[in-house]
Amino acid sequence: MAESQPENIQNFLAQAQEAAKVIKETTQKDGSISCFSHLDADGIAAAGIIAKMLQRIDARFRMRVMQWVDDKIIAEVTTDKPQLVILSDFGSGYLDLLNEKIPNNKIVILDHHQITGNTTNPNFTMLNPHSHGIDGATDISGSGVAYFAAKALDPTNTDLAPIALVGALGDMQDKYDQRSLQSLNKLIENDAINTGLLKVEKDLTFFGRETRPIHRMIATTTNPFIPGLSGQETQALNFITNLGFPIKQDDKLRALCDLNPQERKTLCTALADYLLAKGLHNEVNNLIGNIYILTKEEPNTALRDGREFSVLLNSTGRMDHPSLGIAICMGDRKTALEDANKLLEDYRKNINKYLTWVQEKPERLQEHQNIYVIYGQNTINEKIIGTISSILVSTLTNNLKPLIAFANIETENAAKFSGRTTETALTKGVNLGDVMRIASETHGGKGGGHNIAAGAQVPIDKIDAFIKTADELVGRQLNGEKLASNNNS
Ligand code: C5P
Ligand code: C5P
Ligand code: ZN
């Protein structure tokens, strides 16, 4: 995580003006726009920002959410012949495809992944932090990039700043001190605060501060991890019952956000004392961090807390109902929100089912020389494999070994791989984006992404060969080798 230089930020913002100009020129000529965005929380947030921006200028547009850029998108563009295509938050590795198949289409690419391929086509306008020396894995998300284009187009769109932060939280960019956001994300945070839509506070960072009863919130969060309470609802309930403040209000169990400052302090001190008594001094520092509160949202709903909001969006994308997430980002608080909350329940059930399945048999999670592999095959849904990989990477014994999980997509005769690694592995030279790109291209697939989180699609009969190559490549990175980049820019 390098500090972003002010001139890098200025250059990025100047390029946002260029992207806005192309969009504006198209709508002024009443041109049609086809937008495509990625299906995770960040991609949905980006889609919501872009759709709102286009709606506000009466643009003729359609929005589609996909898992990656492939021939399906190319076919749609070739059939529909839009005057402009906007791509947001898609992984890398598709520039060559666009150059080969639709080089004459006007395309605006709003992205934050490491760039690979030829970037010189004058029809393509790219807004990407990596072009300006800013790290897209930590300092701005896809929805943040979309936000800066929207703001450059019309300052009214500043009211979309909280949605851009929700995307950044979905991409786990709160990696700085006390789970803060920095660089371009910090600029968005300031916009959100200045428009009165966001409050950033220091508080306990457990997941579910708006919607979960306190003991369940403590028991279900893994970061911070509290031995004896994490994963143990009954013990967590005993713990908070003994603190002396009411745990119920009108027969309803209270959430963290319902506590007054004194009660919150009591809870915090008790947790810190508990950890210290166990000798876990470092965990105490981990208890408190930045909380992102969307002030205009109703208390006790998932939308009030930026992190809960992002999980809600993720569930709409990964459970095949991205339009619900997009509608929520655009302001729908009625049916879309109700339906999304139901979907979230199903999404959680699915995740639990898959986590249990992985842990049932040792051959489903295997340790190789330099990586771990989850063999999701025909059991895990390919749209949820990334979430499973994100959750399980922090539970592995050797944090230098990245986790690569895969699921089969029989209809496409392909396997979808999702790789995740740790900050520690990054400091030892691991870059999963390079590993996924090179290993997949070696075996007739496509892949790429961030250093810490990356993915790939490979032909089903190449699964084992791909795993072997990925294992070798990580080994080479851990030995200090920087793998060749194919960035022609
Ligand atoms: O799909 P998953 O969540 O595992 O993807 C992790 C990251 O890798 C995402 O940022 C995704 O956009 C990126 N990715 C990519 N190229 C692929 C697949 C995933 O850049 N072919
Ligand atoms: O395509 P996109 O960049 O939005 O996807 C990033 C994915 O990588 C998300 O699913 C996010 O959970 C994961 N990620 C991660 N750790 C990070 C950054 C991203 O697990 N530090
Ligand atoms: Zn993203």
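The values are calculated or read from the model by the stated rules, or taken from the named source; none is laboratory data. These numbers were taken from a predicted model, which means no experiment stands behind them. Glycine also receives a Cβ, built like all others from the backbone with ideal geometry; neighbour counts cover every protein chain displayed.
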Result of the Cβ filter at 8 Å on region 141-154, keeping first residues that are farther than 22 Å from residue 450 by Cα and hydrophobic (A, V, I, L, M, F, W, C) and partners that are at pLDDT 95 or above and within 16 Å of ligand 2 (Cβ to nearest atom), at least 6 apart or interchain, is 150/49; 150/50
Of the candidates 470, 439, 454, 465, the one satisfying the condition of being within 22 Å of residue 366 (Cα to Cα) and touching a Phe, Trp or Tyr at 6+ places or on another chain (Cβ under 7 Å) is 439
Residue hits (region 326-342; in a helix (DSSP H, G or I) and either surrounded by 12 or more Cβ atoms within 10 Å (Cβ to Cβ) or not polar (S, T, N, Q) (or both)) are 326, 327, 328, 329, 336, 337, 338, 339, 340, 341, 342
Of (1) closer than 30 Å to residue 56 by Cα; (2) in contact (Cβ under 8 Å) with a residue 40 or more places away in the chain; (3) not in a helix (DSSP H, G or I), residue 309 fails just (3)
In this structure, is residue 229 surrounded by fewer than 22 Cβ atoms within 10 Å (Cβ to Cβ) and either more than 24 Å from residue 52 (Cβ to Cβ) or away from ligand 2 (no atom under 16 Å from the Cβ) (or both)?
no
Against the condition within 8 Å of ligand 1 (Cβ to nearest atom), crowded, with 24+ Cβ neighbours inside 10 Å, within 22 Å of the chain's Cα centre (by Cα) and of a type in the set (Gly, Ala, Ser), how does residue 415 come out, does it pass?
no
Going by what's in this entry, would residue 147 be described as farther than 20 Å from residue 17 by Cα and of a type in the set (Phe, Trp, Tyr)?
no
Test each condition in (1) on the phi > 0 side of the Ramachandran plot; (2) under 22 Å from the mean Cα position of the chain (by Cα) for residue 425 and report the one that comes out false.
(1)
Please find, within region 23-44, the residue that is farthest from residue 73 (Cα to Cα) out of those that are of a type outside the set (A, V, I, L, M, F, W, C) and within 13 Å of ligand 2 (Cβ to nearest atom).
42
Considering only region 352-380, state which residues are under 20 Å from the mean Cα position of the chain (by Cα) and surrounded by fewer than 18 Cβ atoms within 10 Å (Cβ to Cβ).
352, 355
Just checking, how many residues over region 117-153 are in a loop (DSSP other than H, G, I, E, B), more than 18 Å from residue 31 (Cβ to Cβ) and away from ligand 3 (no atom under 16 Å from the Cβ)?
5
Which of (1) within 26 Å of the chain's Cα centre (by Cα); (2) over 27 Å from residue 315 (Cβ atoms); (3) in a helix (DSSP H, G or I); (4) not β-branched (Val, Ile, Thr) does residue 4 not meet, given it meets every other one?
(3)
Only one of 245, 239, 206 is among the aromatic types (Phe, Trp, Tyr), surrounded by fewer than 19 Cβ atoms within 10 Å (Cβ to Cβ) and not in a strand (DSSP E or B), namely 245
Pairs returned, first residue in region 429-454 that is within 20 Å of residue 89 (Cα to Cα) and among the polar types (S, T, N, Q), second residue that is in a helix (DSSP H, G or I) and within 16 Å of ligand 3 (Cβ to nearest atom), beta-carbon separation under 7 angstrom, 6 or more apart or interchain, are 451/432; 451/433
Does residue 77 satisfy the criteria of being within 16 Å of ligand 1 (Cβ to nearest atom) and touching a strand residue (DSSP E or B) at 6+ places or on another chain (Cβ under 9 Å)?
no
Given 415, 439, which one is within 30 Å of residue 134 (Cα to Cα) and away from ligand 2 (no atom under 16 Å from the Cβ)?
439
Working only within region 216-226, note down all residues that are out of contact with any Asp or Glu (no Cβ under 9 Å at 6 or more places or on another chain) and either surrounded by fewer than 17 Cβ atoms within 10 Å (Cβ to Cβ) or farther than 14 Å from residue 204 by Cβ (or both).
222, 223
Counting only residues that are in contact with an Asp or Glu (Cβ under 9 Å, 6 or more places away or on another chain) and either of a type in the set (S, T, N, Q) or under 23 Å from residue 255 (Cα atoms) (or both), how many does region 307-342 have?
9
